[in-house]
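Participant: Here it is, the structure, as structure tokens.
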Amino acid sequence: MSLDFLAFGPHPDDAEIGCGGLLRKMKRYGHTTGIVDLTTGDMGWGSPEIRAAEGAAASKLLQLDVRESLDFGDCRVEDTFENRCTVAGVIRKHRPQIVLAPFYDLPIGRGLGHNDHYKSGQIVANAYNLAHLAKAPVPGEPYQAKAIYFYFIPPGHMPTFIVDISEDFGDWLDAIDQHQSQFYHPDRPR
């Protein structure tokens, strides 16, 4: 299936947080949408099975056409040629018009600067370019998406544009709330 918007997230819940409102708005306008998680989120709260179920529930609320998961290893995501080729293959498979990914130039540390966040942005940005190269060792026909945009812009950086998601705000929050293991874990240290 050819998608209009394809978002990549480091962990199940990141794409929802970073651009879920946009994806829901675009779906309401009749566009096709999808999310690809680069890890199963196995180092976070909950098991990979719980995280997958939460992602599926969030996907229903966002009315996604596609939800896939790769397993680059939670807290082990690296910008390697192999990972670039894997993501380029996903881009070729889904042929999105617009690619969305975490911003790749984040300060290192907990929160936005999580290794998986900025490395995912690097991988997707590099794969976005690799996907159109005919000689790249990537399955599928070469394909160039129209644009790539980044979410999780760090404090102090001015975004290029902002999308008004007021009409989809409730659905966006409901989708994020499906990730109970990450946000409502009773045993979480304070």
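The values are calculated or read from the model by the stated rules, or taken from the named source; none is laboratory data. None of the values given here were measured: they were computed from a predicted structure. Methodologically, a virtual Cβ is constructed for each residue, glycine included, from the backbone with ideal geometry; neighbour enumeration extends over all protein chains shown. We work out accessible area using only protein heavy atoms, side chains counted, and drop any ligands, DNA or RNA first. Shrake-Rupley method; radii C 1.70, N 1.55, O 1.52, S 1.80 Å.
Participant: How many of the residues in region 70-96 are out of contact with any helix residue (DSSP H, G or I) (no Cβ under 7 Å at 6 or more places or on another chain) and among the small types (Gly, Ala, Ser)?
Facilitator: Looking only at that region, the number is 2.
Participant: Here's another thing I want to ask about it. Quickly run through region 24-40 and pick out the residues that are part of a helix (DSSP H, G or I) and either of a type in the set (Gly, Ala, Ser) or open to solvent by 50 Å² or more (accessible area, probe 1.4 Å) (or both). Give the derivation first.
Facilitator: Quick first cut of region 24-40, residues part of a helix (DSSP H, G or I) only: 24-28.
Passing the criteria: only Arg28.
Participant: Further question: Residue under question is Phe150, and the condition is that it be closer than 21 Å to Phe72 by Cα and not small (Gly, Ala, Ser); does it hold? Quick ask: steps written out before the conclusion?
Facilitator: Values: closer than 21 Å to Phe72 by Cα: yes; not small (Gly, Ala, Ser): yes.
For Phe150, the condition - closer than 21 Å to Phe72 by Cα and not small (Gly, Ala, Ser) - is met.
Each row is one residue, and each column tells you yes or no for (1) touching a Phe, Trp or Tyr at 6+ places or on another chain (Cβ under 6 Å); (2) open to solvent by less than 70 Å² (accessible area, probe 1.4 Å).
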position	(1), (2)
Asn115	no, yes
Tyr118	yes, yes
Lys135	no, no
Pro155	no, no
Asp177	no, yes
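Participant: Name the one entry in Ala88, Ala56 that is among the hydrophobic types (A, V, I, L, M, F, W, C) and without any contact (Cβ under 8 Å) to a residue 40 or more places away in the chain. It would help to see each step written out before you state the result.
Facilitator: Numbers: Ala88 fails: without any contact (Cβ under 8 Å) to a residue 40 or more places away in the chain.
Among Ala88, Ala56, only Ala56 is among the hydrophobic types (A, V, I, L, M, F, W, C) and without any contact (Cβ under 8 Å) to a residue 40 or more places away in the chain.
Participant: Is there a residue being open to solvent by 70 Å² or more (accessible area, probe 1.4 Å), modelled with pLDDT under 95 and more than 14 Å from Gly9 (Cα to Cα) anywhere in region 90-105? Break it down stepwise before answering.
Facilitator: Step one: list which residues in region 90-105 are open to solvent by 70 Å² or more (accessible area, probe 1.4 Å), which gives 93, 95, 104-105.
Of the ones still in play, those that are also modelled with pLDDT under 95 are 104-105.
Imposing the further condition that a residue be more than 14 Å from Gly9 (Cα to Cα) reduces the set to 105.
The answer is yes, given that some residue of region 90-105 is open to solvent by 70 Å² or more (accessible area, probe 1.4 Å), modelled with pLDDT under 95 and more than 14 Å from Gly9 (Cα to Cα).
Participant: Separate question: Cβ-Cβ under 7 Å, sequence separation 6+ or interchain: first residue in region 24-43 and within 13 Å of Val99 (Cα to Cα), partner of a type in the set (Lys, Arg) and buried (at least 19 other Cβ atoms within 10 Å of the Cβ). Which pairs?
Facilitator: Correct list of pairs: Thr33/Lys27; Gly34/Arg67; Ile35/Arg67.
Participant: Of everything in region 1-19, what is within 11 Å of Phe152 (Cα to Cα), open to solvent by 20 Å² or more (accessible area, probe 1.4 Å) and of a type in the set (Gly, Ala, Ser)? Give them in sequence order.
Facilitator: Scanning region 1-19 gives a single hit, Gly18.
Participant: Another question, if that's okay. Under the condition of being at pLDDT 95 or above and open to solvent by less than 30 Å² (accessible area, probe 1.4 Å), which residue from region 41-56 is nearest to Val90 (Cα to Cα)?
Facilitator: Only one residue tops the list, namely Gly55.
Participant: Which pairs have Cβ atoms under 9 Å, sit 6 or more apart or on different chains, and link a residue in region 171-190 that is at pLDDT below 80 to one that is aromatic (Phe, Trp, Tyr) and open to solvent by 70 Å² or more (accessible area, probe 1.4 Å)?
Facilitator: Between residues of region 171-190 that are at pLDDT below 80 and residues that are aromatic (Phe, Trp, Tyr) and open to solvent by 70 Å² or more (accessible area, probe 1.4 Å), the close pairs are His185/Trp45; Asp187/Trp45; Arg188/Trp45.
Participant: Is there any pair linking a residue in region 99-115 that is among the polar types (S, T, N, Q) to one that is at pLDDT 85 or above and open to solvent by less than 40 Å² (accessible area, probe 1.4 Å), with Cβ under 8 Å and at least six apart or on different chains, and which?
Facilitator: If the second residue must be at pLDDT 85 or above and open to solvent by less than 40 Å² (accessible area, probe 1.4 Å), the pairs left are Asn115/Val77.
Participant: Considering every residue within region 63-80, establish whether at least one is assigned to a loop (DSSP other than H, G, I, E, B), at pLDDT below 95, surrounded by 19 or more Cβ atoms within 10 Å (Cβ to Cβ) and charged (D, E, K, R).
Facilitator: yes
Participant: Something else now. Trp172 fails exactly one of the following numbered conditions: (1) among the aromatic types (Phe, Trp, Tyr); (2) in contact with a Cys (Cβ under 7 Å, 6 or more places away or on another chain); (3) farther than 17 Å from Phe8 by Cβ. What is the number of that condition?
Facilitator: (2)
Participant: What are the pairs with Cβ atoms under 7 angstrom where one residue, in region 131-156, is free of Cβ contacts under 8 Å to residues at least 40 places away in the same chain and within 14 Å of Thr86 (Cα to Cα) and the other, located anywhere, is assigned to a loop (DSSP other than H, G, I, E, B) and open to solvent by 60 Å² or more (accessible area, probe 1.4 Å)? Sequence gap at least six, or different chains.
Facilitator: Note: pairs meeting the criteria are His132/Gln144.
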